[in-house]
1. Can you confirm whether region 1-9 contains a residue that is under 23 Å from TYR95 (Cβ atoms), open to solvent by less than 100 Å² (accessible area, probe 1.4 Å) and in a loop (DSSP other than H, G, I, E, B)?
2. Filter region 11-44 for residues that are among the aliphatic types (A, V, I, L, M) and either touching a residue at least 24 places away in the same chain (Cβ under 8 Å) or open to solvent by less than 60 Å² (accessible area, probe 1.4 Å) (or both); which is nearest to PHE135 (Cα to Cα)?
3. Just to be sure, is ARG114 at pLDDT below 95, among the basic types (Lys, Arg), open to solvent by 40 Å² or more (accessible area, probe 1.4 Å) and more than 16 Å from the chain's Cα centre (by Cα)?
4. For region 67-101, enumerate the residues that are of a type in the set (D, E, K, R), in a loop (DSSP other than H, G, I, E, B) and surrounded by fewer than 10 Cβ atoms within 10 Å (Cβ to Cβ).
5. Give region 139-155 a look and list any residue that's modelled with pLDDT of 95 or more, buried (at least 19 other Cβ atoms within 10 Å of the Cβ) and not aromatic (Phe, Trp, Tyr), or say none.
6. In contact (Cβ under 8 Å) with a residue 12 or more places away in the chain, under 20 Å from MET143 (Cα atoms) and surrounded by 14 or more Cβ atoms within 10 Å (Cβ to Cβ): does that describe LEU54?
7. Of the numbered conditions (1) modelled with pLDDT under 90; (2) at positive phi, GLY93 satisfies every one except a single condition; which is it?
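The values are calculated or read from the model by the stated rules, or taken from the named source; none is laboratory data. Keep in mind it's a predicted model, so treat the numbers as computed, not measured. In this analysis, Cβ positions are derived from the backbone assuming ideal geometry, glycine residues included, and neighbour counts consider all displayed protein chains. Note: accessible area is taken over every heavy atom of the protein model, side chains too, but ligands, DNA and RNA are not part of it. Shrake-Rupley method; radii C 1.70, N 1.55, O 1.52, S 1.80 Å.
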Amino acid sequence: MPMPVNPPKAPTSPFASLGGHHVGIRVPDFDAAKTWYTEKLDFRVLHEWPYGELRLAYLSPPNDDDFHVEILAGPVQFPKEVLDDLEVSLRHGGYQHVCLHVDSVDQTRAELARRGVDLVGEPFVVEEISRRLAFFRDPWGNMFELSETLPGAGA
């Protein structure tokens, strides 16, 4: 089933300038997080800076200059529960995952597995959105979705 056509844009909306830029991910260790994202996902470090007692950085996927992950690192007083089951994770409120589009879920998962990344569950298809999906997590339990457009579906 192809994705539905997007509704018309609303350039006269008072919020017309809203657009995605980054997602912030809280981690306890700056150097470990920066190393994990750059070595496991080949993310590029765009900028680093201090914020009070925290260290922050913008990182971008290897071939995307428009989307950033912001790591916010320093001691974490209330660590989040690390879940290894997608269905269980869906029972929790709030932030659930970051979605990354890929050409092939299977090839991407194979490379993530080769690099020792924690894969969560098995890939599955959601016909209603014409996508094949899979999940993985970083060492701090933050979930990421891989999304592949099914053949014959619009992007």
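1. Step one: filter region 1-9 for residues under 23 Å from TYR95 (Cβ atoms), giving none.
No, the conditions are met nowhere in region 1-9.
2. Here is the first cut: in region 11-44, the ones among the aliphatic types (A, V, I, L, M) are 16, 18, 23, 25, 27, 32-33, 41.
From what's left, either touching a residue at least 24 places away in the same chain (Cβ under 8 Å) or open to solvent by less than 60 Å² (accessible area, probe 1.4 Å) (or both): 16, 23, 25, 27, 32-33, 41.
Details: ALA16: 32, VAL23: 17, ILE25: 17, VAL27: 19, ALA32: 21, ALA33: 19, LEU41: 14 Å.
Filtering first and then ranking leaves LEU41.
3. Working: at pLDDT below 95: no; among the basic types (Lys, Arg): yes; open to solvent by 40 Å² or more (accessible area, probe 1.4 Å): yes; more than 16 Å from the chain's Cα centre (by Cα): yes.
Judged against the criteria, ARG114 is not a match.
4. Pass one, region 67-101, residues of a type in the set (D, E, K, R): 70, 80-81, 84-85, 87, 91.
Remaining after also requiring in a loop (DSSP other than H, G, I, E, B): 80-81, 84-85, 91.
Once the filter is applied, which keeps residues that are of a type in the set (D, E, K, R), in a loop (DSSP other than H, G, I, E, B) and surrounded by fewer than 10 Cβ atoms within 10 Å (Cβ to Cβ), region 67-101 yields GLU81, ARG91.
5. GLU145, LEU146, GLU148
6. Numbers: in contact (Cβ under 8 Å) with a residue 12 or more places away in the chain: yes; under 20 Å from MET143 (Cα atoms): no; surrounded by 14 or more Cβ atoms within 10 Å (Cβ to Cβ): yes.
So LEU54 does not fit the description; no.
7. Failing condition for GLY93: (2).
Residues are listed down the side, and each one gets a yes or a no for (1) surrounded by 14 or more Cβ atoms within 10 Å (Cβ to Cβ); (2) assigned to a strand (DSSP E or B); (3) aliphatic (A, V, I, L, M):
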residue: ASP106; (1), (2), (3): no, no, no
residue: ARG109; (1), (2), (3): yes, no, no
residue: VAL120; (1), (2), (3): yes, yes, yes
residue: VAL125; (1), (2), (3): no, yes, yes
residue: GLU128; (1), (2), (3): no, no, no
residue: ARG132; (1), (2), (3): yes, yes, no
residue: PHE136; (1), (2), (3): yes, yes, no
